[in-house]
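A short worksheet on the structure shown next.
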Amino acid sequence: MKVGDILYFVDMDKAKVSKHKISDIKVNNSFTLGNYDVFSFSGTKSVALRICIHINPKDYFIYKTTFRNSKKNYLVFTEADIAYSALTDYVFPLILDRKIKASNKLRDSYFESIEQISKIESEFNKIKETSEKKCNALKNKFV
């Protein structure tokens with residue numbers, strides 16, 4: 001990889017493909033990061049270490065690119081058609097699966113709440129009926 005190379009980033013949260021050019025490569029000799037190159041890309045303020053950049057990954061689940069000081073994950077490709085293929089084959093189904101699980105959880109919670117409300121209403125009606133009978137019995141009782 002060199003300055004000027006164009007890469008296509010698949011944003012796994014927003015499900016979008018964006019085009020970025022390598023704008024700068026700095027050699028980092030810090031003790032904590034080791035001897036790794038730090039890459040800057042056009043259109044983004046984030047930087048990534050060479051070791052964190054996985055280009056044209058075969059296994060999307062394992063090889064995601066992460067930027068320093070960011071929690072977002074990207075899939076990085078050298079060609080746009082491969083990036084769009086990853087978007088349609090992996091990212092969209094992943095997002096759809098998450099949304100389906102979340103909606104199923106909400107639906108289950110909704111039906112559970114309805115069931116609890118029904119139980120409370122039936123208990124309330126039983127108590128109301130028995131209290132009316134007890135009140136009538138007390139009113140009719142001679143002292």
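Some notes on this structure:
- Number of the condition not met by Val38 [criteria: (1) closer than 21 Å to Thr88 by Cβ; (2) surrounded by 14 or more Cβ atoms within 10 Å (Cβ to Cβ)]: (1)
- If you filter region 51-81 down to residues that are outside any loop (DSSP other than H, G, I, E, B), among the β-branched types (Val, Ile, Thr) and surrounded by 15 or more Cβ atoms within 10 Å (Cβ to Cβ), you find that the one that is modelled with the highest pLDDT is Val76.
- Neighbours by Cβ (under 9 Å, 6+ apart or cross-chain): first from region 72-94, without any contact (Cβ under 8 Å) to a residue 12 or more places away in the chain; second of a type outside the set (Ser, Thr, Tyr): Ser85/Phe77
Yes or no, residue by residue, for (1) touching a strand residue (DSSP E or B) at 6+ places or on another chain (Cβ under 9 Å); (2) hydrophobic (A, V, I, L, M, F, W, C); (3) at negative phi:
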position: Lys64; (1), (2), (3): yes, no, yes
position: Val76; (1), (2), (3): yes, yes, yes
position: Phe92; (1), (2), (3): no, yes, yes
position: Glu112; (1), (2), (3): no, no, yes
position: Asn125; (1), (2), (3): no, no, yes
position: Lys133; (1), (2), (3): no, no, yes
position: Ala137; (1), (2), (3): no, yes, yes
position: Asn140; (1), (2), (3): no, no, yes
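- Test: residue in region 4-17 that is small (Gly, Ala, Ser), in contact (Cβ under 8 Å) with a residue 60 or more places away in the chain, in contact with a helix residue (DSSP H, G or I) (Cβ under 9 Å, 6 or more places away or on another chain) and not in a strand (DSSP E or B): yes
The values are calculated or read from the model by the stated rules, or taken from the named source; none is laboratory data. Predicted model, so just to flag it, every value in this text is computed and none were measured. Heads up, the Cβs are rebuilt from the backbone with ideal geometry, glycines too, and the neighbour counts pull from every protein chain shown.
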